[in-house]
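To start, the structure itself, in structure tokens.
The values are calculated or read from the model by the stated rules, or taken from the named source; none is laboratory data. Everything numeric here is computed off the predicted structure, so don't read it as measured data. Don't worry about glycine lacking a Cβ; one is built from the backbone with ideal geometry, like all the others, and counts go over all protein chains shown.
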């Protein structure tokens, strides 16, 4: 039996839904016993000549002073030397504790997070591991446009879309979601993204319960990817209090469903240029080791390991005693901008635009009358009104990222948007 076959057998025994959803690529994957593997085995030797990185001869890096002097507070062992493929252990452990705190006491299993190169690589790894031409991938309309590239363009999976909002704009389309899930006839990946991009919406507690009920009742096999990129950026009461990963993981049948969670420092710690994210699945023991081996293999065959300085910065933040105070201050700032935009969008002409519900994240979605072309309006807003937005052609809407505009300027942004739509 080959090593990939052995890993497949472990997953079939302990995480059967995950095993049944493996892509053809993932079924062949196992972390090779090459340079990274052998260098880990040699790390405690007296004379370690296993890996090609400049050190002082005792395991410490020799960075240029021009770099080390710029970041004097960072751990040089993490910042300037190669990281393990799965990320530095202290960072993985620290993020795992953060995840557990955000679970609000969940009893569900979550594997020790794997460090990856941003949320894009997190989703890409899920796509490469579980999606191929024999897979249906369920996504909402509208959704983050990169899902198309990650699931359809690369692995050539079959994308199935359902309407995110009810037709009357009163909230998440639970019935539309249920209908789409009921039509899945083969292995599938179901993407759940709250707070959502581009809608800026988190479901209510009632909607969340319905979503979880639909998922745990699905006959499978399916991987449920919880893209929690904007986790914690919630500005209203009565909304889902935690990632739905925990609710599904507590109740799911491992024969039918495999939940996996993607989150990261990009939005949670406002470290947009750092490109540090994490993957953590509902798996433990030998199956956790087996899945990690496959993920590491696929990651090594693409971008390799995540940035050392970025890992060191995220770890430093997680160890800061006042981290919660700092993050709350940023969330409060976003909440002020959220409320300012809510008020500013009231000026839009009701016969030509509709603001879809938004309550979290960093975006608002403005739906347009069919007589107005979203892309043409986006261009005119730039040239005639000096306002930048993003067009979402599938629902003929504009996405407004209020995170990027001062609260005091949002009233004028709303006025210019209203004039452009009305003219």
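At a glance:
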item	result
Filter result (surrounded by fewer than 19 Cβ atoms within 10 Å (Cβ to Cβ), under 14 Å from residue 249 (Cβ atoms) and touching a residue at least 60 places away in the same chain (Cβ under 8 Å)) within the stretch 104-115	104, 106, 107, 108, 109
Residue satisfying condition, being within 25 Å of residue 266 (Cβ to Cβ), modelled with pLDDT of 95 or more and crowded, with 20+ Cβ neighbours inside 10 Å, within set 202, 135	202
Looking only at the stretch 267-284, and only at residues there that are touching a strand residue (DSSP E or B) at 6+ places or on another chain (Cβ under 9 Å) and farther than 14 Å from residue 98 by Cβ, the one that is surrounded by the fewest Cβ atoms within 10 Å (Cβ to Cβ)	275
Residue in the stretch 370-386 that is under 22 Å from residue 334 (Cα atoms), touching a helix residue (DSSP H, G or I) at 6+ places or on another chain (Cβ under 6 Å) and either crowded, with 20+ Cβ neighbours inside 10 Å or assigned by TED's automatic domain parsing to the domain that holds residue 352 (or both) present	no
Test for residue 340: is it touching a helix residue (DSSP H, G or I) at 6+ places or on another chain (Cβ under 7 Å), modelled with pLDDT of 95 or more, closer than 26 Å to residue 243 by Cβ and not assigned by TED's automatic domain parsing to the domain that holds residue 169	no
Check on residue 23, surrounded by fewer than 20 Cβ atoms within 10 Å (Cβ to Cβ) and either at pLDDT 85 or above or out of contact with any helix residue (DSSP H, G or I) (no Cβ under 9 Å at 6 or more places or on another chain) (or both)	no
Selection from the stretch 393-411 of residues that are part of a helix (DSSP H, G or I) and farther than 23 Å from residue 330 by Cβ	393, 394, 395
Residue count for the stretch 356-369, restricted to those that are assigned to a loop (DSSP other than H, G, I, E, B) and either buried (at least 20 other Cβ atoms within 10 Å of the Cβ) or touching a helix residue (DSSP H, G or I) at 6+ places or on another chain (Cβ under 9 Å) (or both)	6
Test: residue in the stretch 35-54 that is surrounded by 19 or more Cβ atoms within 10 Å (Cβ to Cβ) and at negative phi	yes
Selection within the stretch 77-90 - out of contact with any strand residue (DSSP E or B) (no Cβ under 6 Å at 6 or more places or on another chain) and either farther than 30 Å from residue 281 by Cβ or assigned to a helix (DSSP H, G or I) (or both)	77, 78, 79, 89, 90
Any chance residue 127 is closer than 14 Å to residue 226 by Cα, out of contact with any helix residue (DSSP H, G or I) (no Cβ under 7 Å at 6 or more places or on another chain) and at pLDDT 95 or above	no
The stretch 55-76 - residue that is in a loop (DSSP other than H, G, I, E, B) and loosely packed, with under 11 Cβ neighbours inside 10 Å and, of those, nearest to the chain's Cα centre (by Cα)	73
Selection status of residue 91, in contact with a helix residue (DSSP H, G or I) (Cβ under 7 Å, 6 or more places away or on another chain), crowded, with 19+ Cβ neighbours inside 10 Å and farther than 30 Å from residue 256 by Cβ	yes
Residue check, residue 220 in contact with a helix residue (DSSP H, G or I) (Cβ under 7 Å, 6 or more places away or on another chain) and in a loop (DSSP other than H, G, I, E, B)	yes
Test: residue in the stretch 160-177 that is within 28 Å of residue 134 (Cβ to Cβ), within 19 Å of the chain's Cα centre (by Cα) and either assigned by TED's automatic domain parsing to the domain that holds residue 233 or assigned to a loop (DSSP other than H, G, I, E, B) (or both)	yes
Matching entry among 378, 352 (being modelled with pLDDT of 95 or more, touching a strand residue (DSSP E or B) at 6+ places or on another chain (Cβ under 8 Å) and closer than 21 Å to residue 164 by Cβ)	378
Residues that are outside any helix (DSSP H, G or I) and either touching a residue at least 60 places away in the same chain (Cβ under 8 Å) or closer than 20 Å to residue 222 by Cβ (or both), drawn from the stretch 1-32	15, 22, 23, 29, 30, 31, 32
